[in-house]
Amino acid sequence: MSETLTPPQAGTVATPETAPGVKRLFIKTYGCQMNVYDSERMADVLRPLGYAPTDTAEGADFVILNTCHIREKAAEKVYSELGKLREMKESRSGAMTIAVAGCVAQAEGEEIMRRQPAVDLVVGPQAYHQLPELLTRTARARGERIGADFAADEKFDSLPEARGINGPTAFLTVQEGCDKFCSFCVVPYTRGAEWSRPAEAVLAEAGGLAAQGVRELTLLGQNVNAYDGAGPDGSVWTLARLARALAEIEGIDRIRYTTSHPNDMADDLIAAHAELPHLMPYLHLPVQSGSDRILRLMNRKHGRQKYIDLIGRIREARPDMALSGDFIVGFPGETDRDFEDTLDLVRQVNYASAFSFMYSPRPGTPAAGIGTQVPADVSLTRLHALQVLLLEQQVAFNKAQVGKTLDVLFEKKGRHGRQAIGRSPYLQSVHAEDADHLIGQIVPVEIVSGQQNSLTGRLLQEKAA
Ligand code: SAH
Ligand code: SF4
Ligand code: F3S
C-alpha cells in the first residue's frame, strides 16, 4: 500500500489551486484551540513543499485529520471520517495521502494503523514539524508512526518563522502539556508534561504576527496561566510578565489567553487585569463541578469556596470581567445533591458563557475505573438543566450590553451586504451594517440588540480607534 504524491494531471486547467507544482492540502481540525494553532503550523511546514490549503477533501493530494481524544465521541468521529476518506482514496486509485495527527494519533497510533489501512502516517502533537521528512519516507513505505517523546522545544525550534495568517486575530501557543492529572482527563497523557516556550521565541512570533497586521493575540496553553518560560534575562517569566512585554509590541492592542487553571491564577496576573488595558476582560476559568466531594474525586486540588473567592478577587481587580467555564456532569458517584451544588455555584458566579459536557470515561484515566458510573439518562437530565441555566445567564449577559458602546475589532465580512463581524472586549460576536471597510480596525460600536450568541451594533463614527 505504498503511496506517492500525485503530480498534477496533464490537461487540467492551471487555476491557482491546480497550478503545476501546487499540491492541495486539506486539514480537518477537531478539539481545542491548540489543535487549531497546530493545524495552521502544519500548513506552514508544508507550504515550502508546494502544498496550498484547500477547503475540501475532495480532490486533495494530502489530507490530515488533526484529532481530539478528550471524549469518546470526539475520538470515534475520526474513525468514521477515515472510512469516508478511504472510499475517496479508492475511487482515485490511491492517489491521496492520509495522515492522522493530534491527540488520537498520540493515544492510539497503532490502533489507527490497524483499524484503517488507508492511513499512510500517524504523527503526534509534538512531531508534526517532521511532516516533510515523513512524507518522503511514506512515498516509499507506508506505516510511519511518530510521536510519544513530547520534545516540544524541538518542534518549536524547527517550525518555520513565517506564518500564513489572514485577518487581525491570531492564536499563539506559549505553553503545552499538563501536570494536573484531573482523574477524568487524557490531556496529561496525550500532550505530556507542562512546558513553556522561552519568552523571546514568543515575542519574536508575536512581532511577526503584528507585522502581518494582527492586532489581537490569544495566547494558548493547556494550562496557559502556569506559563513559566525563560525570560531574555535568564529569569523565569510569568504569564503576566509575558503579557506586559507583548503589550509593548507596536500594533498589538488586545491580548487574551486560554485555558487557565484556578490554582495557577497568580496575584500578578490578577493585578495585570487591573493595570494593563491590553488584557481583555474575558476569562475562561473551568471549575468542572460545584461539589467539594466531586472536586476531590476529580483530583482538581481546589475546593468550591476557593474558586468562588478567586472569582471575587478577579472581579475586584476588573469589575466587568466576563467569566466562562467548563463543567462535567455525571462524574462517577455524582449525586443529585452534588449536582445541586454545581447549579448553586453557577448561580453565585454568573457566567457570560460556558461549556458543559456529559462525563465520558476515557481509557487509562483513574476515573474510568471508579465503579459507580452515573446512568446516562440521569446525566442527560442534569446536563439539560445545567445548560438551561447557563444559557439564561449568557442571554442576560448579552442583553445587558444593549445601549452600551463597546470597542469592536472587526475580523471579517458578514453574510450579506456590507455587514462586518467582529468581537467585543468580552469575546461576543458583534454584527454591524456598512462596516466591511473597517475590517482590521477597532471601532466604537453602539449595541442595539443582544441575542443568544451575538450582538447587533451600530457604528458611531467612521474613524477607527
Ligand atoms: N486544560 C483545560 C482544558 C481541558 S479539556 C482545563 O483544564 O480546563 C476541555 C474540557 O473538556 C475540560 O475542561 C472538561 O470540562 C472537559 N473534559 C475533559 N475530560 C473529559 C471527560 N473525560 N469527559 C467529559 N468532559 C471532559
Ligand atoms: Fe485535563 Fe485537568 Fe489538565 Fe485541564 S488541568 S488539561 S482538565 S488534567
Ligand atoms: Fe482534545 Fe488534545 Fe485539545 S485531547 S481538547 S485536542 S489537547
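Answer rounded, prolate or oblate for the range 60-105, using the Cα gyration tensor with square roots of eigenvalues a ≥ b ≥ c: rounded when a/c is under 1.5, else prolate when a/b is larger than b/c, else oblate. Cα axes put the range 60-105 in the oblate bin. Between the C-alpha center of the range 223-239 and that of the range 157-203 there is a gap of 13 Å.
Computed from the alpha carbon positions, the gyration tensor of the range 368-465 leads to an equivalent ellipsoid with semi-axes of 38, 14, 11 Å, biggest first. In summary, the lysines within cross-link reach of LYS84, defined as a Cα separation below 16 angstrom excluding same-chain residues under 8 places away, comprise LYS28. Label separation (ALA274 vs ALA245): 2.5 nm, computed from points 7 Å beyond Cα along the C-beta direction. Need one word for the range 154-399: rounded, prolate or oblate. Basis is the Cα gyration tensor (sqrt eigenvalues a ≥ b ≥ c); a/c below 1.5 gives rounded, then a/b vs b/c decides. Since a/c reaches 1.5 and a/b is larger than b/c, the shape of the range 154-399 is classed as prolate. For the pair the range 335-372 / the range 87-115, the C-alpha centres are spaced 33 Å from each other.
Packing, as the average of other Cβ atoms within 10 Å across residues, places the peptides 364-377, 180-193, 296-309 in the order 180-193, 296-309, 364-377, highest first.
Cross-link partners of LYS301 among aspartates and glutamates, defined as those whose alpha carbon lies under 14 angstrom from its own and excluding same-chain residues fewer than eight positions apart: ASP179, ASP264, ASP292.
Along the range 23-28 the Karplus relation, 6.51 cos²θ - 1.76 cosθ + 1.60 evaluated at θ = phi - 60°, assigns HN-Hα couplings of 10, 8, 10, 10, 10, 10 Hz to successive residues, with x for each Gly and Pro. Cβ under 9 Å from GLU205's Cβ, GLU205 left aside: what net charge do those residues give with Lys, Arg +1 and Asp, Glu -1? Charge balance near GLU205 sits at +1. Across the cross-link table entries LYS73/LYS180; LYS73/LYS412; LYS155/LYS306; LYS89/LYS155; LYS73/LYS399, which are compared at the Cα atoms, the separations over 28 Å belong to LYS73/LYS412; LYS155/LYS306; LYS89/LYS155; LYS73/LYS399. Rounded to the nearest whole angstrom, the semi-axes of the ellipsoid equivalent to the range 405-459, taken from the Cα gyration tensor as √(5λ), stand at 15, 12, 10, largest first.
Sequentially through the range 123-131, phi angles give Karplus couplings (6.51, -1.76, 1.60; θ = phi - 60°) of 9, x, x, 9, 10, 6, 5, 8, 3 Hz, Gly and Pro residues having no value and appearing as x.
Global dimensions of the chain from alpha-carbon coordinates: Rg and Dmax equal 23.1, 69 Å. The dipole here belongs to the chain: it is taken about the Cα centre, uses +1 on the Cβ of Lys and Arg and -1 on the Cβ of Asp and Glu, and is about 780 debye. Here LYS404 is the anchor, and the aspartates and glutamates within straight C-alpha reach of less than 16 Å, apart from those fewer than 8 places off in the same chain, are ASP320, GLU446.
Over the chain, DSSP H runs of length four or greater, each weighted -39,500 (n - 2.57), average out per residue to a 222 nm ellipticity of -10500 deg cm²/dmol. Note on LYS399 and ILE165: their simple-model spin labels are 3.8 nm apart, each label 7 Å out from Cα toward Cβ. Under the criterion of Cα pairs below 8 Å and six or more residues apart, the relative contact order for the chain equals 10 percent.
No lab work stands behind these numbers, since they all come straight from the coordinates. On a predicted model such as this, the values are computed, not experimentally measured, just so you know. Neighbour counts are summed over all protein chains in view; Cβ atoms, including those assigned to glycine, are modelled from backbone coordinates with ideal geometry.
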